[in-house]
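Pasting a structure here, questions to come.
The values are calculated or read from the model by the stated rules, or taken from the named source; none is laboratory data. Given the structure is predicted, the values throughout are model-derived calculations rather than measurements. Neighbour counts run over all protein chains shown; Cβ positions are idealised from the backbone, glycine included. Side chains are part of the model used for accessible areas, which takes the heavy atoms of the whole protein and leaves out ligands, DNA and RNA. Shrake-Rupley method; radii C 1.70, N 1.55, O 1.52, S 1.80 Å.
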Amino acid sequence: MTIEYPLVRGERHDFAAIEVEIDAPAGPKRFKGFKAVNYSVKLEPGQVRGTGARKIGRTRGEATEEGSLELYLADWDELRAALGPGYMRKAFDVSVTYGPDGLPATTDTLVGCRIKSVDKSHSQGADGLVAKLDLDIMKILENGLDPVGDEA
C-alpha cells in the first residue's frame, strides 16, 4: 500500500498502537503491561580474500537475532506462571502488532524465543517496577518476511 500524502489526520505508529502476544505452552496470552519491546536482526557476511588488498567475494554470512522485553511485575508474574517451572528453558513465540487507524496493521513475529536473563533493578521513584527479559531468538519475521531468506 502506498501512503497518500498529506495524511489527513497525520497519525503514525506510536507505542500505544502496539499489542504483544506471547504463545506460551499454556496458550496464547495478550499483554498490555509492558514498557518496552526491542528486537534486532543482523546478517554479517564473511569475507573471501585472495592475494590482493580487496576482498574478492563474500559469503551469505551468519545471522544473529536478539531482543528484550520489559514487563511490569504483575505481567511478568503472569508470563512466568504461564511458562511454568523451568521457564528459562521453554521456547515461545512473541507477536508484536502495531497499526494506528488509517494505516495497515503490521505484525512482527519473534520465533522460538528463550529467556536468557531476567533483570529486576528497582529504585526509588514514581515509576512502576519492571522486569527486563533478554531473549535468545531463533528467527525474526518482519510482517511475515524472513530478512535472511532461509527456509529453515
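Considering only residues that are outside any strand (DSSP E or B) and surrounded by 11 or more Cβ atoms within 10 Å (Cβ to Cβ), which ones fall in the stretch 40-72?
Across the stretch 40-72, the qualifying residues are 45, 46, 60, 61.
Identify the single condition in (1) over 18 Å from residue 23 (Cβ atoms); (2) of a type in the set (A, V, I, L, M); (3) modelled with pLDDT under 95 that residue 118 does not satisfy, given that it satisfies every other one.
Answer for residue 118: the failing condition is (3).
Out of 142, 78, 44, which single residue is in contact (Cβ under 8 Å) with a residue 24 or more places away in the chain and farther than 23 Å from residue 27 by Cβ?
142
Can you pull out the residues in the stretch 119-142 that are over 16 Å from residue 96 (Cβ atoms) and not in a loop (DSSP other than H, G, I, E, B)?
Of the residues in the stretch 119-142, the ones over 16 Å from residue 96 (Cβ atoms) are 119-132, 134, 136.
Hits for the stretch 119-142 are 119, 130, 131, 132, 134, 136.
A further question on this structure: Quick check: is even one residue across the stretch 101-111 open to solvent by less than 50 Å² (accessible area, probe 1.4 Å), modelled with pLDDT of 90 or more and out of contact with any strand residue (DSSP E or B) (no Cβ under 8 Å at 6 or more places or on another chain)?
Within the stretch 101-111, none of the residues are open to solvent by less than 50 Å² (accessible area, probe 1.4 Å), modelled with pLDDT of 90 or more and out of contact with any strand residue (DSSP E or B) (no Cβ under 8 Å at 6 or more places or on another chain).
Yes/no matrix, rows are residues, columns are (1) at pLDDT 90 or above; (2) among the basic types (Lys, Arg); (3) farther than 22 Å from residue 139 by Cβ; (4) in contact with a Lys or Arg (Cβ under 9 Å, 6 or more places away or on another chain):
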position	(1), (2), (3), (4)
12	no, yes, yes, no
19	no, no, no, yes
26	no, no, yes, no
32	no, yes, yes, no
39	yes, no, no, no
54	yes, yes, yes, no
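State yes or no: is residue 116 within 20 Å of the chain's Cα centre (by Cα) and either assigned to a loop (DSSP other than H, G, I, E, B) or surrounded by fewer than 17 Cβ atoms within 10 Å (Cβ to Cβ) (or both)?
Yes; evaluated as a whole, the condition is true for this residue.
Report, ordered by the first and then the second residue, all pairs with beta carbons closer than 8 Å, sequence separation of six or more or different chains, a first member in the stretch 121-132 that is without any contact (Cβ under 8 Å) to a residue 40 or more places away in the chain, and a second member that is open to solvent by less than 90 Å² (accessible area, probe 1.4 Å) and part of a loop (DSSP other than H, G, I, E, B).
Sorted first by the residue in the stretch 121-132, then by its partner, the pairs are 122/129.
Let me ask something else about it. Restricting attention to the stretch 20-39, which residues are in contact with a Leu (Cβ under 9 Å, 6 or more places away or on another chain) and either of a type outside the set (Gly, Ala, Ser) or open to solvent by 60 Å² or more (accessible area, probe 1.4 Å) (or both)?
20, 22, 25, 26, 29, 31, 34, 35, 37, 38, 39
Being touching a Leu at 6+ places or on another chain (Cβ under 8 Å), open to solvent by 80 Å² or more (accessible area, probe 1.4 Å) and closer than 18 Å to residue 38 by Cα is the requirement here; does residue 132 meet it?
Numbers: touching a Leu at 6+ places or on another chain (Cβ under 8 Å): yes; open to solvent by 80 Å² or more (accessible area, probe 1.4 Å): no; closer than 18 Å to residue 38 by Cα: yes.
No: the conditions fail for residue 132.
A follow-up question, please. Among the residues in the stretch 93-100, are any in contact with a helix residue (DSSP H, G or I) (Cβ under 8 Å, 6 or more places away or on another chain) and surrounded by fewer than 16 Cβ atoms within 10 Å (Cβ to Cβ)?
Yes, the stretch 93-100 contains at least one residue that is in contact with a helix residue (DSSP H, G or I) (Cβ under 8 Å, 6 or more places away or on another chain) and surrounded by fewer than 16 Cβ atoms within 10 Å (Cβ to Cβ).
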